[in-house]
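Worksheet: one structure, shown below.
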């Protein structure tokens, strides 16, 4: 039984007892009955005021809890959204950013029905895309080889994800390409999953080799 139910039950008992006492006193002593009735009325007014105040406090607590819950959900949704790999839409703009900061473009080619792609995305890229240790060392985007999403390629020509994957001769997924700002390959592609335990090392090696290749151009 909740505290609220207990309180309301006790309040009802008080009303019953007060009514019985008032009725009994009225039968035996009208003057005393009047005095008792006034005292009971005063007690009831105090109890009613206390009950109203309690309901106001409870309502305020529920409102505050609702506000905190909404804030928590908004923060959680925003954090979840930030911890996701971005889908490519403008490789030309990405290439300019790559040239400006001298960092490689890392393209993750995937497909909707590829379980290995989902595994690589969840285990590595979703976290890698927001990891402070890597955010200033690469530009990471996903290309769906079976997708019809519009895409501007490195030459600023309109195409689709599937069309761009065909231009890059990507047939197997997952495939990782490391390019410069104009789409030229910097190191060898990582094709397939291989051994999951070593996949992270392959990615870091590809990133380091790409950074070194860009530095040598200077």
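What shape does the stretch 91-217 have by the C-alpha gyration tensor, where a ≥ b ≥ c are the square roots of the eigenvalues, rounded means a/c under 1.5, and otherwise prolate means a/b greater than b/c and oblate the rest? Display every interim value, and only then the final one.
Working: a/c = 1.62, a/b = 1.03, b/c = 1.58.
It comes out oblate by the Cα gyration axes.
Go through 201-212, 136-147 and give me the packing order, highest mean Cβ count within 10 Å leading. Walk me through the intermediate numbers first.
Working: 201-212: 16.2, 136-147: 19.5.
In descending order of packing, they fall as 136-147, 201-212.
Please give the length that would be gained between residue 171 and residue 212 if that part of the chain were fully extended, namely 0.36 nm times their separation in residues minus their C-alpha to C-alpha distance (nm, one decimal). Walk me through the numbers on the way to the answer.
Numbers: separation 41, 0.36 × 41 = 14.76 nm, distance 2.76 nm.
Length difference between fully extended and current span is 12.0 nm.
With the cut-off at 16 Å, report for the stretch 139-195 the share of all Cα pairs above it, as a whole percent. Before the final figure, lay out each step's value.
Working: 702 of 1596 pairs.
The share of Cα pairs beyond 16 Å in the stretch 139-195 comes to 44 percent.
For a label point 7 Å from the Cα of residue 99 along Cα→C-beta, name the residues of the stretch 142-168 whose backbone N is under 18 Å from it.
So the set is 152-158.
Packing-wise, with mean Cβ within 10 Å as the measure, how do 54-66, 182-194 rank, highest first?
On the way: 54-66: 10.3, 182-194: 15.4.
Answer by packing, highest mean first, reads 182-194, 54-66.
Along the Cα-to-Cβ line of residue 90, 7 Å from the Cα, sits a label point; which residues in the stretch 102-125 have backbone N less than 20 Å from it?
Counting backbone N atoms under 20 Å from the label point, the list is 102-108.
Each reported figure results from applying straightforward, stated rules to the coordinates on display, with no laboratory input. Keep in mind the model is a prediction, meaning the values are calculated, not measured. Positions of Cβ are generated from backbone atoms using ideal geometry, with glycine treated the same way; all protein chains shown enter the neighbour counts.
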